[in-house]
Structure formats: structure tokens, C-alpha cells
Amino acid sequence: MNGVGLLNIGYLFIILNMIVLGLSIPAGSVAMATIPVWLFTAMTLGIACMILLPAAKIYERIKWKGLGYKTYFGIFMQSLFTVTLYTVFLLYGLKYSSVIAAGIINSMVPAVTLVLSFILLGERLNIRKGIAIMLAVSAVLVMELAGASTEGESSALGIAFMILAVVSLGLFFVYAKKFAVEVPPVTMAAGLCLMGFLTTLPMAIHEAISFDWGKMTLGLWGAVIAYTLLGWVFAYIFTYLGISKVPASTIGMATAIIPITAMLYAVLFLGDKLRKVDIIATVLLILSIFIAESKESVKEGKESIPVIGKDDAVGK
């Protein structure tokens, strides 16, 4: 009974993680109408550091000086892919595309990770994985050819930025798979945010000098706080609370929740219009996720190892 209970709680945490990631997209979209990308990124990361660094010291009591050069380099590389590049590309994409499109393209991660694992790690691609990749590509082509420029909601440039964001996240998963970093979860999250803050700070300072701080209304500060909590703090906490209690494939399949959450929020609260092309693309992406992450039987009755493994999954 305890095992079942723990498993159910694990599923709950993973679902909550995907929901908050989906909600972080519209929060970022609201802020991007006013705040420059690098400045917004550094602001949210700085606030996240103020929350996560004390939490890591209190709950995990890691001595930062004793982590070693290799660990710091591993944290830096993972932060570069998932915190800095992914976030910056995502936020630039939100300037030129709709929240719905952003949510859909973000769910390409399992398929993109399959391709990158094949290219960089030499992992084999079978028919099942090939079909998953084709479905994911078809979803983006549907959006691009049938509705990307409709009423200016999404442009080719916006979709290109979104794809770069997904590729950055896929590179993170591949790097984490190849070079795992043995660091407790809250400390890892704090380290990623700290490295991301330091790498985005120079460009943020440049943008802050010319930014009109008088535009920072309570609503905009609310969007900054919301993105910080949803995209960084809660996403990391829910991921690590659930990752040890569910099969690794669950995390890949659960990414289908991201476009659904973003889509519902955009339609209900931001006034975005739901188009047929968005529904078709979402269905194709969800099918690709389930095919990519479905169980594959191998010899001796053992389950194959999914591309996105236990040590790879994080909030961003």
C-alpha cells in the first residue's frame, strides 16, 4: 500500500510540475510586452536565487566550497542550456508568437531529445521513435504552413525562436544523460539559477540602463514574481519530489500537459483565439509524446531505458 501511495504522489508532483511550466508561459508573455528579455531573465533568476540559496543551506547543508571543479563545470553547462539559452529563446519567441503556439512547440522536447541522442550519443532510432519524430515535425509544419502568420499571432521568427528553445532543452537532457552531476535537488536548482543569473547579468545591466523603470506597474511585478515561482522555484521542487517515485517515461508523456495548460489559460484569461490548426498540432504532439515514451520490450523481459532519464529531468 505504501508503494502505491508513493507512486500516486509521484504522479501528482510530475503533473503539478507540467502545469506550473504551462502557466509560466503566459506569465512570461505578459511581461515580454514591456520588459526586455535579458533584464526579465536576470530579474526572475535573481529572485529565485534569493529563495533557493537559503533553502539549500537550511535543508541540504551543502558546503559549496567542497563541490569541486567538475561539479561546478557540470552545473554551469546544464545552466547554460536549460536556464540561459532555453529561457532567452523562449522569451524572444513569446515576442513573436502566441502563448498557444509556445506551449505546443515546448512539447517537442521528447522528439528533439531523440534526434539529439541519435546525433550526439549514437543511440539507435527504431520505427517507433521515427514515427514520433515525424509527428512532432508535422505538428510544427501544420502551425507554420496553415496558421503561423494568421492575424500576426505567430510568425516564422517566433516559431524559430521556440524551436531553438526546445533544442537547447534537448541539449541539456543529452548533456545531463552523458555527464550526470551528483548534487541534491534544491542545491542543484539553486546552482542552476545562480549560474544562469551570472551569465545573463551583463546583458541585463545593459538593458536596465535604458529601461524606463516607471513602466513597472504592480501587474508587471506580479508577472515577474509569478514567472519566478512557476518557472523556477515550484517547477524544480515538484520535479525532484516526483522524479524518484514514478517511471522515467512518465515525465516525457506528462509534457503533453504543457500545451493544454498554456492553451486553456491563454483562451480563458488572455483572450487568445483557439484555432483549428492549434488543436491539430496539439493532437499530433501528444501522439508523438506517447509514442516516443511508450514502453519498449527488450530481451530478458527488461524495459528499455527512456531517453529522458531520472537524472536528467528538471523544471526547465
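Okay, here's what the table says:
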quantity	calculated
Qualifying residue in region 189-206 (condition: open to solvent by 30 Å² or more (accessible area, probe 1.4 Å), out of contact with any Leu (no Cβ under 9 Å at 6 or more places or on another chain) and among the hydroxyl-bearing types (Ser, Thr, Tyr))	no
Residue in region 59-66 that is among the small types (Gly, Ala, Ser) and open to solvent by 10 Å² or more (accessible area, probe 1.4 Å) present	yes
Residue identified as open to solvent by 10 Å² or more (accessible area, probe 1.4 Å) and touching a helix residue (DSSP H, G or I) at 6+ places or on another chain (Cβ under 6 Å) among Phe73, Phe81, Phe118, Phe40	Phe81
Scan of region 31-77 for residues that are outside any helix (DSSP H, G or I) and out of contact with any Ser or Thr (no Cβ under 8 Å at 6 or more places or on another chain), ordered by number	Ala33, Thr34, Ile35, Pro36, Arg61, Lys63, Leu67, Gly68
Selected residue [at pLDDT 80 or above and surrounded by 23 or more Cβ atoms within 10 Å (Cβ to Cβ)] from Ala111, Ala101	Ala111
Hey, Leu23 closer than 19 Å to Gly214 by Cα, assigned to a helix (DSSP H, G or I) and not aromatic (Phe, Trp, Tyr) or not	no
Test: Ala262 is within 13 Å of Leu21 (Cα to Cα), modelled with pLDDT under 80 and aliphatic (A, V, I, L, M)	no
Qualifying positions in region 59-113 - closer than 22 Å to Thr228 by Cβ and of a type in the set (Lys, Arg)	Lys95
Count of residues meeting criterion [farther than 20 Å from Leu16 by Cα, part of a helix (DSSP H, G or I) and open to solvent by 20 Å² or more (accessible area, probe 1.4 Å)] in region 268-290	6
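The values are calculated or read from the model by the stated rules, or taken from the named source; none is laboratory data. Everything numeric here is computed off the predicted structure, so don't read it as measured data. Virtual Cβ from ideal backbone geometry, glycine too; neighbours counted across all protein chains shown. The area values use the complete protein model at the heavy-atom level, side chains included, leaving out ligands, DNA and RNA. Shrake-Rupley method; radii C 1.70, N 1.55, O 1.52, S 1.80 Å.
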